[in-house]
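*Asks:* Mind having a look at this structure? Questions to follow.
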Amino acid sequence: MSSTNNPISQTNNLINIIDVSTVFQTISDNVRTGTLTVSVENKKCLIYFNRGQVQVCYSINHVSFLGEALQRANTVDPSLLQSLLQRQKESKKSLITLLQEEGIADLSFIKKLCEFQIVEDIYELFRWLNPICTFEESPPNLEIFDSELLKLNISMNVSALLMEAARREDEWGMIQKVIPSLLDVPYLKNNIPPHLVNENQQMLLMLINGERNVSEMLDQIHMSQFSAMELLKKMLQDKYVAFRTGEELLEMVKRSPIKENIVKQIHLFERAEALGKKNIETIHWLSQAYESIYQEDKALKKYLELGEVAQKEENLAMAAKAFEKVIGLNPEYLPAYEKLIKLLFSLNFLTEAAEKSNLYAQKLRSQNKIKAVEILLEANKSDESLENLELLATIYIDMGERIDALLTYEKLAQKYEENQQLLRSIEIYEKMLTIDEENLEAYLNLATLLTRLGRTDEAVKQYKRLADKLNSTGVIKNSFTCLYLINVCNKIMEFEPENFSAREWLVDAYIYKKETPKAITMLEELLTILDKKEDPYAKIVNLKKYVLLKPDAFDRSLQLGKTFLDIGEKDEARTVYFGLAEVALKHKTFSIAKEALQKILQFDPFHLETHLKIAEILTQEKLIREAAEKYRILGFFYKGINQFEQSTQMFEKAMELAPQEQIECALEIGENYKRLKMLDYSISILQNFAAKTYAEKNYGQASKACKRILALQHNEPWAIDLMKKLSQI
């Protein structure tokens, strides 16, 4: 047979896809030699095959293979058998040798006993459910198999064994119809006539006392289990023996010494339930009994059953205790959590329900986060426990749900605060800020708690961080957050009255709220603080705000201009001073306007706009001569930089204000037009001036004008004619 078709083709081959009878037949068909191991749960049997025939077997459940055979065959008195086994242990002799020495049995009889025991062991293992088989081709292991038994050269045909096994299987089916459970307790119903009782029946009858169950009898009887069951079946069919009813089994539990034997009691309750006497009391008793003897699997199933039955009978307290027991026995059995939680809420045990919800959610967290959240949210409707809120927030973080996590953490922090657990509340707010650095409420609440605990340095630090966030992120443009900022800054100033940043933020907030008086007051305090510091840039920023809010604060404008000059910002200083002059003029405060403009001329003496503005102020002050002189000087300034049109305008202004300056101004105007290559305009201006002065009999000025005309155009007739007239005077 090829290895692909042979289920026993390799040494140490694991056979778990075919039944034991097939394995036996395959070994026999292939004439294999080796050891077959059959195991299931806590039972194991080793069978040695010699060229396809069964030679010997060994079961870990038997102290002695031959001793078991002697006991089952009822060949040796039990006390003598125990004595023989003890002598075997002490002398290290084979039990076969001892039996021969005592004259109890010869080799032929011993061989038949062994064959009998092999048959019983093999038939029994054929009834095991889902066994695992392994076969190893090798000589027999003498540490397992008795060498004296091997010398008997037993050779049992596998086909015959299998045929007998099939016959017995059919018979077992009939037996089980009459004896459905080994836990049934038989009792003698009618006396059996002595002539109908053989030795084996007598042996069985001695064990039927109305208290032993079938399993206990089989353990004590000195015959094979199959034979004993056949005898018992016949007695039941002949109605000499009957089984206790479920009600009778429950009554037996109360008897001594049964009520001291927990295992016996369990068997009675189990069979009574199977016979239809199951109720909430029997289920409850069995669940506790299984637990007491550490049969946890059975206890768990029974407590589950108890919970379901108690719930149907509306015994909610018992149902809750049952499901709690299930969780205690197997914390990973999740269905029990949900059942228990619902019961606890129904019983209004809110604290206990919250605790169990927390445990359930922890179990669900790794496999079903959404379900875990649902459990906690449902629990929180009745009892928002601290533990549940914290777990809920943690699961939200796992899920990436930052907003839900933050809202839950905020609620948790408030709960801790209500319970006066301020340190835990602080921890939660700090955790919130690691999740969301922009969480303004967390900053404020954290700072408030730190203040309550007297940790003012840490509180101020948080207030500062909060104010900085409010200001830097632009939220000040929102009226609500602006008020928020004002409150925060005032808090900071409670601890640090001269805190610069808080005052600056307050100024901005007051400006936004258009509370100008408050902003100005705060700026004045701020500027007082800045007077002690060497920080011109900060002073400039706040002076600008002040001047913007109060343009007529001339002293602050002068201070702003000076501060710009101190850092070398002349252009900025000029702008400030010039702006101050404009504002002062609107208020008719000429002295301030001139002072501001003179400040400009101190560092920029040739700034023409400043000179022009001074000239305008002098004009408004009716200081005509000074104004005319300033315009005349401006005329020369503009002329010097070749801005002849502007120069002309200045000289014209001077002429309007001071007639005595007309000749010089007119001459300069004419010169400007000449520079502008506007000769006709230049001559026309001089002609007008000459004519005017001649009419006023100011002949000297008229003569100067004519000479300037002739200098421009030496044969100009009008000038020649006027000069003739002047020479005749």
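*Asks:* Could you tell me which of rounded, prolate or oblate describes the stretch 614-676, using a ≥ b ≥ c as the square roots of the eigenvalues of the alpha-carbon gyration tensor, with rounded for a/c under 1.5 and, failing that, prolate when a/b is larger than b/c and oblate otherwise?
*Replies:* Note, shape of the stretch 614-676 comes out oblate.
*Asks:* Cα centroid distance between the stretch 645-722 and the stretch 582-602, in Å?
*Replies:* With the stretch 645-722 and the stretch 582-602 each reduced to a Cα centre, they are spaced 35 Å.
*Asks:* Oh, and also: How many percent of the accessible area of the stretch 210-290 is carbon or sulfur, using a 1.4 Å probe?
*Replies:* With neighbouring chains kept in place, the figure for the stretch 210-290 is 46 percent.
*Asks:* Nearest 0.05, what FRET efficiency do F109 and S215 give at R0 = 45 Å with Cβ-Cβ as r?
*Replies:* Calculated value: 0.90.
*Asks:* Taking R0 as 45 Å, what's the FRET efficiency between E374 and N490 from their Cβ-Cβ distance, rounded to 0.05?
*Replies:* Numbers: r = 44 Å, r/R0 = 0.98.
Calculated value: 0.55.
*Asks:* When the expected Rg is taken as 2.2 N^0.38 Å, what fraction or multiple of it is the alpha-carbon Rg of the stretch 97-137?
*Replies:* Dividing the Cα radius of gyration by 2.2 N^0.38 Å gives 1.70.
*Asks:* As a test question: what accessible area, to the nearest 10 Å², does F636 have when a 1.4 Å probe is rolled over all protein chains in place?
*Replies:* Probe radius 1.4 Å; accessible area of F636 about 70 Å².
*Asks:* In whole Hz, with x marking every Gly and Pro, tabulate ³J(HN,Hα) for the stretch 451-461 from phi via Karplus 6.51 cos²θ - 1.76 cosθ + 1.60, θ = phi - 60°.
*Replies:* The phi angles translate into 5, 4, 8, x, 8, 5, 4, 5, 5, 4, 4 Hz.
*Asks:* Would you calculate the separation in nanometres between label points at L422 and T33, each defined as 7 Å from the Cα along the Cα-to-beta-carbon direction?
*Replies:* A separation of 9.1 nm, rounded to one decimal place.
*Asks:* Given the pairs K518/K588; K112/K233; K677/K704; K533/K586; K239/K298; K369/K415, which span a C-alpha to C-alpha distance of over 31 angstrom in this model?
*Replies:* Values: K518/K588 28 Å; K112/K233 27 Å; K677/K704 21 Å; K533/K586 34 Å; K239/K298 35 Å; K369/K415 24 Å.
Where the Cα-Cα span goes over 31 Å, the pairs concerned are K533/K586; K239/K298.
*Asks:* Using alpha carbons only, how many degrees (0 to 90, rounded to 10) separate the axis of helix 316-329 from the longest principal axis of the chain?
*Replies:* 90 degrees
*Asks:* Sorting check: for 282-290, 543-551, which peptide has the highest mean count of neighbouring beta carbons within 10 Å, and how do the rest follow?
*Replies:* Output ranking for 282-290, 543-551: 282-290, 543-551.
*Asks:* Then there is this: State whether the stretch 84-192 is rounded, prolate or oblate according to the following rule on the C-alpha gyration tensor (a ≥ b ≥ c being the square roots of its eigenvalues): a/c under 1.5 gives rounded; otherwise a/b larger than b/c gives prolate, and the remaining case gives oblate.
*Replies:* Oblate, since a/c reaches 1.5 and b/c is not below a/b.
*Asks:* Heavy-atom accessible area of D566 with all protein chains present, probe 1.4 Å, nearest 10 Å²?
*Replies:* 100 Å²
*Asks:* Find, among the GluC sites (Glu not before Pro) in the stretch 641-715, those assigned to loop by DSSP (not H, G, I, E, B) with at most 16 other beta-carbon atoms within 10 angstrom. The partial results should precede the final answer.
*Replies:* Working: sites: E645, E652, E656, E661, E664, E668, E671, E696; in loops: E696.
Of the GluC sites (Glu not before Pro), the ones in loops of the stretch 641-715 whose Cβ has at most 16 other Cβ atoms within 10 Å are E696.
*Asks:* Show me, for the stretch 194-206, the HN-Hα J-couplings you get by feeding each phi into the Karplus relation (A = 6.51, B = -1.76, C = 1.60, θ = phi - 60°), rounded to Hz, glycine and proline as x.
*Replies:* With the stated coefficients, the stretch 194-206 comes to x, 6, 9, 9, 8, 4, 5, 5, 4, 4, 5, 4, 5 Hz.
*Asks:* Return P(r) of the stretch 246-315 (all Cα-Cα pairs; 10 Å bins starting at 0; whole %; ordered from short to long distances).
*Replies:* With a bin width of 10 Å, the distribution comes to 22, 52, 25, 2.
*Asks:* For a protection proxy built on the mean count of beta-carbon atoms within 10 angstrom, sort 30-38, 233-241 highest first, please.
*Replies:* For the peptides 30-38, 233-241, the packing ranking is 30-38, 233-241.
*Asks:* Something else now. Given R₀ = 22 Å, what would the calculated FRET efficiency be for K44 paired with S147, taking r from the Cβ atoms and rounding to 0.05?
*Replies:* For R0 = 22 Å, the calculated efficiency reads 0.60.
*Asks:* Give me the distance in nm between label points sitting 7 Å out from Cα along the Cα-to-Cβ direction at D566 and A166, one decimal.
*Replies:* Here the answer is 11.9 nm between the modelled labels.
*Asks:* Run the numbers for L334 and R455: contour at 0.36 nm per residue of separation, minus the present Cα-Cα distance, in nm.
*Replies:* Numbers: separation 121, 0.36 × 121 = 43.56 nm, distance 4.58 nm.
39.0 nm is the gain from fully extending L334 to R455.
*Asks:* With every protein chain in place, what's the accessible area of K298 (1.4 Å probe, Å², nearest 10)?
*Replies:* Counting only protein heavy atoms, K298 exposes about 100 Å² to solvent.
*Asks:* Let me ask something else. Specify the angular offset, from 0 to 90 degrees and rounded to the nearest 10, of the alpha carbon long axis of helix 699-712 from the longest principal axis of the alpha carbons in the chain.
*Replies:* Helix 699-712 sits at roughly 60 degrees to that axis.
*Asks:* Here's a follow-up. Going toward the positive end of the dipole of the chain, with +1 on Lys and Arg Cβ and -1 on Asp and Glu Cβ, which of C665, P186, Q220 do you reach last?
*Replies:* Positive-most Cα among the choices belongs to C665.
*Asks:* Using only Cα atoms, tell me the angle between helix 107-125 and the longest principal axis of the chain; keep it within 0 to 90° and round to the nearest 10.
*Replies:* 40 degrees
*Asks:* Which part of the stretch 39-61 falls in the paramagnetic zone of I132, meaning amide N under 17 Å from the point 7 Å along Cα-to-beta-carbon?
*Replies:* Counting backbone N atoms under 17 Å from the label point, the list is 39-47, 60.
*Asks:* Could you check the spin-label model distance between E260 and K692? Points 7 Å from the Cα along Cα→Cβ, value in nm.
*Replies:* The modelled label-to-label distance comes out at 15.0 nm.
*Asks:* Report, in deg cm²/dmol and to the nearest 500, the calculated mean residue ellipticity at 222 nm for the chain, where each DSSP H run with n ≥ 4 adds -39500 (n - 2.57) and the sum is divided by the residue count. Walk me through the numbers on the way to the answer.
*Replies:* Values: 37 runs with 494 residues, N = 729.
So the calculated ellipticity at 222 nm is -21500 deg cm²/dmol.
*Asks:* Quick check on the stretch 601-729: what does the Kirkwood estimate of hydrodynamic radius come out to from the alpha carbon pairs, in Å?
*Replies:* Kirkwood radius, the stretch 601-729: 15.3 Å.
*Asks:* Compute the whole-percent fraction of alpha carbon pairs in the stretch 114-163 spaced more than 14 Å apart.
*Replies:* Cα-Cα pairs in the stretch 114-163 separated by more than 14 Å: 67 percent.
*Asks:* For the chain, what is the convex hull volume of the alpha-carbon atoms per residue, in Å³?
*Replies:* 343 Å³
*Asks:* Let me ask something additional. So between T516 and I293, what do we pick up on full extension, going 0.36 nm a residue minus the alpha carbon distance?
*Replies:* 71.8 nm
*Asks:* Residues of the stretch 434-469 with amide nitrogen under 20 Å from the 7 Å Cα-to-Cβ point of R402?
*Replies:* 434-446, 465-469
*Asks:* Treating each Cα of the stretch 664-729 as an identical point scatterer and ignoring solvent, apply the Debye formula and state log10 I(q)/I(0) at q = 0.12, 0.13, 0.21, 0.22 Å⁻¹.
*Replies:* Results for the stretch 664-729 at q = 0.12, 0.13, 0.21, 0.22 Å⁻¹ read -0.25, -0.29, -0.74, -0.81.
*Asks:* So who's got an amide H within less than 5 Å of the one on V54, skipping anything under 5 residues away but keeping other chains? H placed 1.01 Å off N, in plane.
*Replies:* Amide H to amide H, under 5 Å and 5 or more residues apart or across chains, V54 pairs with M156, V158.
*Asks:* For the stretch 383-450, just say rounded, prolate or oblate: build the C-alpha gyration tensor, square-root its eigenvalues into a ≥ b ≥ c, call rounded for a/c under 1.5, and beyond that prolate if a/b exceeds b/c, oblate if not.
*Replies:* Oblate, since a/c reaches 1.5 and b/c is not below a/b.
The values are calculated or read from the model by the stated rules, or taken from the named source; none is laboratory data. Quick caveat, the model's predicted, so the values are computed rather than measured. Cβ: placed from backbone, ideal geometry, glycine included. Neighbour counts: every protein chain shown. Just the protein is used for accessible areas: all its heavy atoms, side chains included, with ligands, DNA and RNA removed. Shrake-Rupley method; radii C 1.70, N 1.55, O 1.52, S 1.80 Å.
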